[in-house]
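Here the structure is laid out as C-alpha cells; the discussion comes afterwards.
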Amino acid sequence: MKRVFFLGLAIVLSMAACQQQEKRYTQQSPEIETYKKVIDAYDKQDWVAMASHYADTAKIMNNVEEKDAQTLAELVQMDKADASLFSSWEYVDGESEYEMVVTDKGKTYVNFWGLWKGTLAANNKTYTIPTHLTAQFVDGKIVKEFGYWDLSKIMLDMQAMEHAKASAVSDSIN
C-alpha cells in the first residue's frame, strides 16, 4: 500500500511540475509585441521609437560576426543613410512570422522572418528580399540582434550604375 501511495504521489508531483514549466516556445509574448513595434518603427523610419526598444549597450550583428558588431547609434546612423537611398521601403504585410524561444540556458530570443521590399531611388527598381532577424531580450530590451539577408542584387545594380556614370564622365572628357 505504501508503494502505491508513493507511486501516486510521484505521478501527481511530476504532473504538477510539467504544468508549472515555463513556455519555451510561443508565438505570443510581450517580447514579440515589442519586436513588432521595432519593425513598424523601422518601416516608418522612426529611429527614436525604434531605438527605444534596445538596451544602450546592445550589439547589432547584421550580416557580420559578433566581433564586428555595431552599436545602437551606428545602427541608427546606417539605417538613416540606407533610407536616403530608397524612395520607399517596408516589410510586406502578411509575410512576417514571429516566434519567441527560451533556450536551455534561460536566454529569451525573438525570431522574425519577413519579406523586405524597397524601391531604390537611383533606378526606381523595386527589390524584395527575404530577411531573418533574431533578437535577444533581457528585461524587456533588445541586448543583441542578429540579421541575415542578401543584398547582392542591389549591390550589383548600384555597381553597374556607378560604372555607367564613370564611363559617361570618361566619354565626355575624351
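The numbers here are math on the coordinates, done by the rules we state, and not lab data. These numbers come from a predicted model, not from an experiment. Heads up, the Cβs are rebuilt from the backbone with ideal geometry, glycines too, and the neighbour counts pull from every protein chain shown.
Some observations on this one:
- Dipole size of the chain about its Cα centre, with +1 on Lys/Arg Cβ and -1 on Asp/Glu Cβ: approximately 840 debye, rounded to the nearest 20.
- Percent of Cα-Cα distances greater than 23 Å, calculated over the chain: 53
- Each of the peptides 94-100, 66-72, 108-114 was scored by the mean count of other Cβ atoms within 10 Å over its residues; in descending order, highest first, they stand as 108-114, 94-100, 66-72.
- Computed Kirkwood radius, in angstrom, where 1/r is averaged over Cα pairs of the range 72-142: 14.1
- Helix-derived mean residue ellipticity, 222 nm - over the chain, DSSP H n ≥ 4, -39500 (n - 2.57), to 500: -13500 deg cm²/dmol
- Across the chain, Cα pairs under 8 Å and at least six residues apart give a relative contact order of 20 percent.
- The modelled label-to-label distance for the pair residue 88/residue 115, using points 7 Å beyond Cα in the direction of Cβ, is 1.5 nm.
- Base-10 log of normalised Debye intensity for the range 18-113 (one unit scatterer per alpha-carbon) at q = 0.18 Å⁻¹: -0.99
- Taking all pairs of distinct alpha-carbon atoms in the range 110-174, Kirkwood radius in angstrom: 14.7
- Toward the positive end of the charge dipole of the chain, with +1 on the Cβ of Lys and Arg and -1 on the Cβ of Asp and Glu, the farthest Cα among 64, 29, 78 is that of 29.
- Residues in the range 47-60 carry Karplus couplings, in order, of 5, 5, 4, 4, 5, 5, 9, 10, 5, 4, 9, 4, 10, 10 Hz; the curve used is 6.51 cos²θ - 1.76 cosθ + 1.60 with θ = phi - 60°, and Gly or Pro positions show x.
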